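A.B. asks: Provided herewith is a single structure, encoded as structure tokens, for subsequent inquiry.
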Amino acid sequence: METMQAERRTFLKTAGAVTVLGTLSGASGAVLAQGTPPAAGMPDGADNFYRSDKVVMRKVRFKNQYRMTVAGNLVTPNNLDRAGRAPAIIVGHPMGAVKEQSSMLYAQKLAEQGFVTLAIDLPFWGESEGQPRNLVAPELYAEAFSAAVDYLGTQAFIDRDRIGVLGICGSGSFAISAAKIDPRLKAIATVSMYDMGAVTRDGLRHSLTVAQRQALLVKAAQQRDREFASGKGEFLNYLPLKPGKDTDAVTREFWAFYRTPRGIAIPAGRTLELTQNRMLSSEVRFMNFYPFNDIATIAPRPLLFIAGDQAHSREFSEDAYRLAAEPKELAWVAGAGHVDLYDRTTLIPWDTLNAFFTRHLKA
């Protein structure tokens, strides 16, 4: 046990990727914190569990190309003309979160503007299939967005030629990965994007050395040996149930969302502690994930990158914008941090998102 605790401390110190937390999930639906009184210090405008009376939500299921079931919430405007063909937007949750965290807020707000939206759980998370739970599998994450296009294209009231995608945090990089090979995604937007490959290889602001990266790979390989022998995965304690005096600012930022009533969503059969942890032996797959390679080939389809100008993750939106071809937009939200754009409705630039998708998904 002491050896495992030492490895956890080392990993927390050296890998920027562990701060990309999100709530991890089990095999069934999440128990939400909706209705819980706001926690002390709740940020202004924070409304993760927003419920709109202007939309209708229903749960849907569909298969990806691996024959795994992907779960989603299909959100439609109350006044939707089902005899027509509406534009649709797929919404992806932060890395490790579930659709009930951030994604459903965005899905409802965009549906209020006339779009059909589909908030999905990525494979191995939430209500989607995949064993073991919480597995890191970037190829399957990207495939989920294409599978969502497959499903939406079969709905008579949706225009299969007007489907866009919105990726929040890590899902921004997965959506870009999908869009590079799936031209059916006609407009691609990201919010508080994390390049999950770069942050795992290099840490935030390139703080991870090659030697530290290699040491992580050795630890991951050693852990994989133990897991194969025992048949049990070893989850690392990326985010504590309570922050300590040595907890860094980035971890505290995620803690304030995922460990408080502001954003807690615990899948059935799981515990709060399990909802926040992944296996290092799985996490290192991100080192082979390069979502921004050839991002310019997405053109002439448009890209929009939205990030807080105070976000610890702003480097990833800057990198993507620099490498992308026109048409592209980079929108800074003044005074906003990374997690602020998960749920702070008074900071999220709804008009910018609505204008982008209206312009590029028009009939």
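The values are calculated or read from the model by the stated rules, or taken from the named source; none is laboratory data. Bear in mind the structure is a predicted one, so any value in this text is a computation, not a measurement. Neighbour counts run over all protein chains shown; Cβ positions are idealised from the backbone, glycine included. Side chains are part of the model used for accessible areas, which takes the heavy atoms of the whole protein and leaves out ligands, DNA and RNA. Shrake-Rupley method; radii C 1.70, N 1.55, O 1.52, S 1.80 Å.
A.B. asks: For V218 and W350 in one chain, what is 0.36 nm times their gap in residues minus the Cα-Cα distance, to one decimal in nm?
C.D. replies: Answer, rounded to one decimal: 43.1 nm.
A.B. asks: Report the FRET efficiency, 1/(1 + (r/R0)^6), for K232 and T209, where r is their Cβ-Cβ distance and R0 is 51 Å, rounded to 0.05.
C.D. replies: The computed FRET efficiency comes out at 0.95.
A.B. asks: Give the long-range amide H neighbours of V91: residues separated by 5 or more places, or on another chain, with amide H under 5 Å away, using H modelled in the peptide plane at 1.01 Å from N.
C.D. replies: L118, A119, I120, L166
A.B. asks: Taking amide H atoms as placed 1.01 Å from N in the peptide plane, list the residues 5 or more away in sequence, or in a different chain, whose amide H sits under 5 Å from that of A97.
C.D. replies: Amide H neighbours of A97, under 5 Å, 5+ apart: T23.
A.B. asks: Taking amide H positions as placed 1.01 Å from N in the peptide plane, with prolines and chain starts having none, which residues 5 or more places from E329, or on another chain, fall under 5 Å of its amide H?
C.D. replies: Amide H to amide H, under 5 Å and 5 or more residues apart or across chains, E329 pairs with L303, L304, F305.
A.B. asks: With a sphere of radius 14 Å drawn around the Cβ of F254, what net charge do the other residues whose Cβ falls strictly inside it have (Lys, Arg +1; Asp, Glu -1)?
C.D. replies: +1
A.B. asks: With the Cα gyration tensor of segment 93-199 giving a ≥ b ≥ c as the square roots of its eigenvalues, does the rule (a/c under 1.5 for rounded; else a/b larger than b/c for prolate; else oblate) give rounded, prolate or oblate?
C.D. replies: Cα axes put segment 93-199 in the rounded bin.
A.B. asks: Which of R58, R213, R301 moves the most in a Gaussian network model of the chain with Cα springs under 10 Å?
C.D. replies: R58
A.B. asks: Here is a follow-up. If one computes the Cα centroid of segment 73-114 and of segment 264-296, what distance in Å separates the two points?
C.D. replies: 23
A.B. asks: While we're here: Read phi for every residue in segment 183-198 and hand back ³J(HN,Hα) as whole Hz from Karplus 6.51 cos²θ - 1.76 cosθ + 1.60, θ = phi - 60°, with x for Gly and Pro.
C.D. replies: Ordered by residue, 3J(HN,Hα) equals x, 6, 7, 8, 8, 10, 10, 10, 10, 6, 5, 10, 7, 5, x, 5 Hz.
A.B. asks: Separate question: Report ³J(HN,Hα) in whole Hz for each residue of segment 58-64, in order, from the Karplus equation J = 6.51 cos²θ - 1.76 cosθ + 1.60 where θ = phi - 60°; Gly and Pro get x.
C.D. replies: Taking θ as phi minus 60°, the curve returns 9, 6, 10, 9, 7, 9, 8 Hz for segment 58-64.
A.B. asks: I would also like to ask the following. Considering only protein heavy atoms and a 1.4 Å probe, what is the carbon-and-sulfur percentage of the accessible area of the chain?
C.D. replies: Summing carbon and sulfur atoms, their accessible area is 53 percent of the total for the chain.
A.B. asks: Rounded to the nearest 500, what is the 222 nm mean residue ellipticity of the chain from helices alone, with -39500 (n - 2.57) per DSSP H run of 4+ residues and division by all residues?
C.D. replies: Helix contribution divided over all residues of the chain: -9500 deg cm²/dmol.
A.B. asks: Can you compute 3J(HN,Hα) from phi for each residue in segment 128-137, using the Karplus curve 6.51 cos²θ - 1.76 cosθ + 1.60 with θ = phi - 60°, rounded to whole Hz and x for Gly and Pro?
C.D. replies: 3J(HN,Hα) across segment 128-137, in whole Hz: 7, 6, x, 10, x, 5, 6, 5, 8, 8.
A.B. asks: Contact order normalised by length for the chain, with contacts defined as Cα pairs under 8 Å and 6 or more residues apart; what percent is it?
C.D. replies: Contact order relative to length: 23 percent.
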